[in-house]
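These notes are about the structure you will find just below.
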Amino acid sequence: QVQFVESGGGLVQPGGSLRLSCAASGSIFSIYGVGWYRQAPGKERELVAAKTIGGSTFYADSVKGRFTISRDNAKNTVYLQMNSLKSEGTAVYYCNPDPPNFFWGQGTQVTVSS
C-alpha cells in the first residue's frame with residue numbers, strides 16, 4: 001500500500017512563498033508521473049501541477065508562472081515551490097500520480113492571509 005506524506009504547509013502572507021514536499025513510501029515517482037492537487041473549502045479537488053516521467057510539465061492557469069513542480073526519484077519525494085501566493089491559494093495540498101491511482105494522504109494545509 002503506497003502512502004504519501006505531504007509537508008511544508010503553513011500560514012503565509014499574500015506574495016509570500018512556500019515549498020511543499022511529498023514523500024512516498026515506495027518508488028512510485030520513478031514509475032508514474034507526479035501531480036500536486038489542492039482542495040479549497042467548499043470546492044472540488046483540482047490538479048494544479050504535474051510532471052511526467054519524461055519531464056514534461058503541466059500547470060493550471062491559476063498558478064502558471066508562480067508554481068514549480070520537481071521531484072527527486074532517489075528520495076521518492078516531489079516538491080512544489082509556490083511563489084507570489086494569493087489568497088485563493090488557501091487549500092489543502094495533496095500529491096498523487098497524475099491521474100491519481102492511490103489513496104490520498106492527509107495533505108498539508110496552506111493558508112494565504114494577511
- Item | Where a residue in segment 64-86 is free of Cβ contacts under 8 Å to residues at least 60 places away in the same chain and its partner, wherever it lies, is part of a loop (DSSP other than H, G, I, E, B) and surrounded by fewer than 16 Cβ atoms within 10 Å (Cβ to Cβ), with Cβ under 7 Å and at least six apart | Arg66/Asn83; Arg66/Ser84; Asn76/Gly26; Asn76/Ser27
- Task: Six or more apart or on different chains, Cβ under 8 Å: which pairs go from a residue in segment 8-24 that's touching a residue at least 12 places away in the same chain (Cβ under 8 Å) to one that's open to solvent by less than 30 Å² (accessible area, probe 1.4 Å) and among the charged types (D, E, K, R)? Could you list them?
- Result: Leu20/Glu6; Ser21/Glu6; Cys22/Glu6
- For segment 8-41, which residues satisfy the criterion of being modelled with pLDDT of 95 or more and over 13 Å from Tyr93 (Cβ atoms)? Leu11, Gln13, Pro14, Gly15, Gly16, Ser17, Ala23
- Item | Selected residue (criterion: most open to solvent (accessible area, probe 1.4 Å)) from residues of segment 86-103 that are farther than 12 Å from Arg38 by Cβ and either modelled with pLDDT of 95 or more or in contact with a His (Cβ under 9 Å, 6 or more places away or on another chain) (or both) | Lys86
- Query: If you check Phe29 against the conditions, is it open to solvent by 20 Å² or more (accessible area, probe 1.4 Å), among the hydrophobic types (A, V, I, L, M, F, W, C) and not in a loop (DSSP other than H, G, I, E, B)?
  - Reply: no
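The values are calculated or read from the model by the stated rules, or taken from the named source; none is laboratory data. None of the values given here were measured: they were computed from a predicted structure. Neighbour counts are summed over all protein chains in view; Cβ atoms, including those assigned to glycine, are modelled from backbone coordinates with ideal geometry. To get the accessible areas, we keep the full protein, side chains included, count just its heavy atoms, and leave off ligands, DNA and RNA. Shrake-Rupley method; radii C 1.70, N 1.55, O 1.52, S 1.80 Å.
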